[in-house]
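Here the structure comes first, spelled out in structure tokens, and everything after it is commentary.
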Amino acid sequence: PAGNLGNVSALGKGLLMMRDLGLIRDLPRIACAQAANANPLYLSYLTGFWEYRPVEAKKTLATAIQIGAPVSYERAVKVLAAFDGVVEQATEQELANAAARADRAGLYACPQTGVALAVLFKLIEQGDVRPEHRVVVISTAHGLKFTGFKVGYHERTQPDVRARYANPPLDLPADVKAVREVIDREIGQG
């Protein structure tokens, strides 16, 4: 996930140091993922980094990267050049559904990680990431810090999001029999 761009700058610097120390031989490709509502790096990337203009960041579910004027822009561009970097963006719907999809596999992804995962899915569709590639998605927070995001998604109350993987809560009486009946019905054994 890319907001203020300090993480990508530090990641690149660390990987270059590891190479210089002989700890790694090859440098990976780095992808920066921005929320479409706060995407100055992405817009600059579209121009080959020839143009850069801060943007007025709009409200995004990925609040930690809701930044329109990143302070580490120049350093991030240098890192992206050194690592054959790519920048992509994710809409509110894409990031919310990607986070929920990851949760189905046992993660509990924050919205910023949802941005990174949505971008990964786009890069796969575009052919930039292929089956033989190894991919690491950096998660910058835990979903517990964003319970409103999680609850809103599953209750289908997030604006601009059609919740593809919603698992809405069920209100049941405090009765073991009622709970068992619903469990049996939901898992198809009733």
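Read-outs throughout are calculated quantities, based only on the coordinates presented, and are distinct from any laboratory measurement. Everything numeric here is computed off the predicted structure, so don't read it as measured data. Counting neighbours? That spans all protein chains shown, and the Cβs are built from the backbone with ideal geometry, glycine included.
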Subject >> Whole-Å distance, taken between Cα centres, linking the range 140-174 and the range 116-139 >> reply: 25 Å
Original post:
Per 10 Å bin, what percent of the C-alpha pairs of the chain does each bin hold, from zero upward?
Top reply: 9, 31, 31, 16, 7, 5, 0
Subject >> Value of [θ]222 nm, deg cm²/dmol, for the chain, DSSP H segments ≥ 4, -39500 (n - 2.57) each, nearest 500 >> reply: -12500 deg cm²/dmol
Original post:
With point charges of +1 on the Cβ of Lys and Arg and -1 on the Cβ of Asp and Glu, referenced to the Cα centre of the chain, which listed residue (Thr113, Ile187, Ile138) lies farthest in the positive direction of the dipole?
Top reply: Ile138
Original post:
Taking only Cα atoms, what is the 0 to 90° angle, nearest 10, from helix 73-82's long axis to the longest principal axis of the chain?
Top reply: 80 degrees
Original post:
What is the packing order of peptides 173-181, 72-80, taking the mean over residues of other C-beta atoms within 10 Å and listing the highest first?
Top reply: 72-80, 173-181
Original post:
³J(HN,Hα) across the range 122-134 via Karplus (A = 6.51, B = -1.76, C = 1.60, θ = phi - 60°), whole Hz, x for Gly/Pro?
Top reply: 5, 5, 5, 4, 7, x, 6, 10, 10, x, 7, 7, 9
Original post:
What angle, in degrees between 0 and 90 and rounded to the nearest 10, separates the Cα long axis of helix 176-186 from the longest principal axis of the Cα atoms of the chain?
Top reply: 60 degrees
Subject >> For the range 139-190: span of alpha carbons on each principal axis (Å, largest first) >> reply: 40, 22, 20
**OP:** Run the quick spin-label model on Val135 and Leu43: label points 7 Å from Cα toward the beta carbon, then report their separation in nm to one decimal.
**Re:** 2.7 nm
**OP:** Determine the sum of side-chain charges near Pro173: Lys and Arg each +1, Asp and Glu each -1, restricted to other residues whose C-beta is under 13 angstrom from that of Pro173.
**Re:** -1
**OP:** Under a 10 Å cutoff between Cα atoms, tell me which one of Leu61, Leu117, Leu23 has the largest fluctuation in the Gaussian network model of the chain.
**Re:** Leu23
Original post:
Which one of Thr113, Thr63, Thr47 has the biggest mean-square fluctuation once the chain is modelled by GNM with Cα springs under 10 Å?
Top reply: Thr47
**OP:** Starting from the coordinates of the alpha-carbon atoms of the range 94-190, obtain the Kirkwood hydrodynamic radius over all distinct pairs and give the value in Å to one decimal.
**Re:** 15.3 Å
**OP:** Would you mind working out the magnitude of the charge dipole of the chain relative to its Cα centre, with +1 at each Lys and Arg C-beta and -1 at each Asp and Glu C-beta, to the nearest 20 Debye?
**Re:** 260 debye
**OP:** Normalise the Debye intensity by I(0) for the range 112-153, one equal point scatterer per Cα, no solvent, then take log10 at q = 0.21, 0.26, 0.27, 0.34 Å⁻¹ and round to two decimals.
**Re:** -0.73, -0.89, -0.93, -1.18
